[in-house]
Amino acid sequence: MLDGLGSHRRGMTSDSTCNREGGPPPGRAARLARLVATLTAAALLACGGGGGDAPASGPCSPPAATAVDGPGWFGFGRDAQHSALGAVATQSLGCIFWQAPVDLAPQLTNGDLLTHYGSPVITRQNTVIVPVKTTATGGFRVEARGGNDGTVKWSMASDYRLPAHRWIPSFNAVLAAPATAGAPVRLVMPGSGGRLLVRDDPDADTGATSTRIFYDYAAAPTTFDNTVFINTPLVADSQGNVYFGFSVSGPNPANLSGGFARIAANGTSSWVSAAAASGQPAFVKPQTNSAPALSLDESTLYVVANTSPVSGIATGRLLALDAATLQTRNAVTLLDPATGASAWVSDDSTASPTVGPDGDVFVGVLESNAPGHHFRGWLLHFNAALTQTRTPGSFGWDDTASIVPRTMVPSYTGSSSYLLLTKYNNYGGSAGGDGRNLVAVLDPGQSQDDAITPGVPVMKEILTKLGPTADPEFPPAGVKEWCINTAAVDPLTSSVLINSEDGVLYRWHLPSDTFSERIALNSGRAQSYTPTAIGPDGRVYAINNAVLHSIGR
C-alpha cells in the first residue's frame, strides 16, 4: 500500500490493499486525483484481492510433535538488521497445517483491510508468538502457540494504545536476551504510555511478567497513557537491550516529546527527542511503523524521524545514533533522487532500514512528486556512516529490502557480495504504470537507467519476476501485485517466499528463476502489505486476510 496518496492498484485508491478481485469502490480514481493535486492525501498503495475465506489448499493434519531446537525468528525482518535471512531449509509448500486469526474485529474500508499486522515471533523451541488485534479500534494481545499444531500455550494482553494514524499501525513484539546469563529468552511487547511489557521464558506455559519504562511513569499514569505512544516495532540487540520509537501528542509531567528510547536488559534506560537527534526542530517524531535497525557490530542505531505537517507530505531524516548513548553520529535528509526534493516519508508505510552485510543502509520512501514515479517510491542507499549517498533502487514504497546472498543466484557475475530482494510493482490506473507488477533481485553495486525516469541511475535488475495472475482491471497485460513488506529468504533452498494479491504464497527458486511451488491461502482480500517468516522446523508463515498460516509438508 502507498501512504497518503491512494492505493496503487484499482487506480491508486486511498484504500489500497492486497488480493482484490472486485472492482474499485466507486469514485476511487477521482478521489486519488484530488489527493494528488493537493498533496494532502493519506491513501496508500496496498495489495488487493477478492474477498472470501476458504483456503484452496489444506488444512492438513500436523505430524506427531517432536522436540525442536533451531534458529528462531526474533522480530520484524527476523534480526536487528532486518535481513529476513532464514537459517534453516524451509519445508515444501504442501499443506496449511494450522491457521490463527491476527485480528478478531477486522475493519474494512470500501472492502479493503487497511491494517498492518505484526510479524510472528518464533523461538528456537518452536513457540510461535502471534500478535493479535482484539477489537475494532485497537486492543492487543499475544498468543503463544505450539509451532507443530497451533495449540495455544498461553496468552498475554497488552494495554497498548495506538498512536494517531490513518491505516492501523502494526503491533510488533520481539525476543530479547535475558539480564542474567543462562536464563531463558524474554518476550517484550509494547504497552501503554511508552512502557514495555515483558514475559519471561515464552516457551514455558507459565512465566513471570514485568514492566519496563524509560521515565517516571508513576508520576501521572493517566496523562502518560493518553499522550505517549510507542509507534515503531521493537528491536533488540544480542545483550537484550531494546530500542523503539514513540510519539507524544500533548503536554506531560516528564516533558517528553517524540523520540527514541533504549531500555537495557537490566532496566536502565535513556531517550532522545527526534528533534534533538535530527538537529532540526521540524522532525518531531519517529516515522510510524519504521523499525529501528542496528549495525552488524550493534554500535550504531539507525532510525527514521519525520515531520507531522497539517497539510502536504511528511518528510524525513535517517539518523545514525550511538547505540549505547543515543547521541547522534550523523543524520541525512531523505531526498528523492529524481527531483532532488525531500522525499515523502509516510506513516502508512512500514518501510524500515535494512543493514547490508557490508554495513550499507537501505530505506524506502515515496517520491516527492507522486505519482511521478508511479507511487513506487525509491529505495535510498547510504554507506554505514551516512556520509555517502549511493545508487538507489527503483522501488521503495512500504517495503523493507531483504538480503540475498550472491550464491543464491548462480548466474550472477557481478562483484557485489550480496543482492537485495524488493517488491517491484508498477501500479496501473491513476498511478501511471502499466500494471505489470514484478518482484526483483537487485545489485546494490551496479546501476542501470531507471525505466520510468530516464537519466536517474538505479540499482541493476539481476532477476525480475512478473506476477502470474492476470488482473482484468488493467488490460491488456496487468497482473495482480505482490503483497509483501518484508519477504523471508531461504539460502538453503536458494528461494524466497512471497505473497501475492491473488491469495497465493509463492516460492521463487532463484537458480531456475521459476515459481517452483505455490499454495493458495484464500481467494483474496485487499489488504496492507504483509510479512513472511520461517520457523525453526522449516515451516513457512504468511499472513493473508487477517489470518496467519503455518505451511509445510
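Of all residues in region 509-549, those being under 20 Å from the mean Cα position of the chain (by Cα) and part of a strand (DSSP E or B) number 14.
Collect the residues in region 196-223 that are part of a strand (DSSP E or B) and surrounded by 15 or more Cβ atoms within 10 Å (Cβ to Cβ), keeping them in residue-number order. Within region 196-223, LEU196, LEU197, VAL198, ARG199, ASP200, ARG212 qualify.
For every residue, the table says whether it meets (1) touching a strand residue (DSSP E or B) at 6+ places or on another chain (Cβ under 6 Å); (2) β-branched (Val, Ile, Thr).
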residue: GLY503; (1), (2): yes, no
residue: LEU510; (1), (2): no, no
residue: PHE515; (1), (2): yes, no
residue: ILE519; (1), (2): yes, yes
residue: SER523; (1), (2): no, no
residue: PRO536; (1), (2): no, no
residue: ILE543; (1), (2): yes, yes
residue: ALA546; (1), (2): yes, no
residue: ILE551; (1), (2): yes, yes
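In this structure, does ALA440 turn out to be closer than 20 Å to HIS82 by Cα and surrounded by fewer than 24 Cβ atoms within 10 Å (Cβ to Cβ)? Criteria met by ALA440. Scanning region 450-485 for residues that are touching a Ser or Thr at 6+ places or on another chain (Cβ under 7 Å) and basic (Lys, Arg), we see that the one that is surrounded by the fewest Cβ atoms within 10 Å (Cβ to Cβ) is LYS460.
May I ask you to verify whether ALA477 is in a loop (DSSP other than H, G, I, E, B) and modelled with pLDDT under 95? Yes; evaluated as a whole, the condition is true for this residue. Within region 514-522, not a single residue is touching a helix residue (DSSP H, G or I) at 6+ places or on another chain (Cβ under 8 Å) and farther than 30 Å from ALA65 by Cβ. Before we move on, is LEU45 of a type outside the set (Val, Ile, Thr) and either at pLDDT 95 or above or over 21 Å from the mean Cα position of the chain (by Cα) (or both)? When the stated conditions are applied, LEU45 does not pass them. Restricting attention to region 128-159, the residues that are within 21 Å of ALA105 (Cβ to Cβ), in a loop (DSSP other than H, G, I, E, B) and of a type in the set (Val, Ile, Thr) total 3. Of all residues in region 382-412, those satisfying the criterion of being of a type outside the set (A, V, I, L, M, F, W, C), buried (at least 23 other Cβ atoms within 10 Å of the Cβ) and touching a residue at least 60 places away in the same chain (Cβ under 8 Å) are PRO392, GLY393, SER394, ASP398, ASP399, THR400, SER402. Of all residues in region 263-287, exactly one satisfies the criterion of being under 24 Å from TRP167 (Cα atoms) and surrounded by fewer than 19 Cβ atoms within 10 Å (Cβ to Cβ), namely ALA282. Evaluated against (1) assigned to a strand (DSSP E or B); (2) more than 22 Å from the chain's Cα centre (by Cα); (3) closer than 26 Å to ALA477 by Cα, SER447 falls short on exactly one condition, (3). Scan region 458-474 residue by residue and report those that are hydrophobic (A, V, I, L, M, F, W, C) and assigned to a loop (DSSP other than H, G, I, E, B). Result: PHE474, single match.
For region 383-408, a residue qualifies if it is within 11 Å of LEU442 (Cβ to Cβ), assigned to a loop (DSSP other than H, G, I, E, B) and hydroxyl-bearing (Ser, Thr, Tyr), and exactly one does: SER394. Taking region 413-431 as the range and being of a type outside the set (S, T, N, Q) and surrounded by fewer than 18 Cβ atoms within 10 Å (Cβ to Cβ) as the test, only GLY414 passes. Here PRO531 meets the list (1) surrounded by fewer than 24 Cβ atoms within 10 Å (Cβ to Cβ); (2) modelled with pLDDT of 95 or more almost entirely, failing just condition (1). Residue check: PHE260 meets all listed conditions (1) surrounded by fewer than 20 Cβ atoms within 10 Å (Cβ to Cβ); (2) of a type outside the set (A, V, I, L, M); (3) outside any loop (DSSP other than H, G, I, E, B) but one, namely (1). Only a single criterion out of (1) in contact (Cβ under 8 Å) with a residue 40 or more places away in the chain; (2) buried (at least 23 other Cβ atoms within 10 Å of the Cβ) is not satisfied by SER311, namely (2). Among residues of region 64-112 being of a type in the set (Ser, Thr, Tyr) and surrounded by fewer than 22 Cβ atoms within 10 Å (Cβ to Cβ), the one that is nearest to SER295 (Cα to Cα) is SER92. Just one residue in the set PRO491, PRO444, PRO468 is in contact with a helix residue (DSSP H, G or I) (Cβ under 7 Å, 6 or more places away or on another chain) and within 22 Å of ALA401 (Cα to Cα); that residue is PRO491.
The values are calculated or read from the model by the stated rules, or taken from the named source; none is laboratory data. In this text, all values refer to a predicted model and were calculated from it rather than measured experimentally. As a convention, Cβ positions derive from the backbone with ideal geometry for all residues, glycine included, and neighbour counts pool all protein chains shown.
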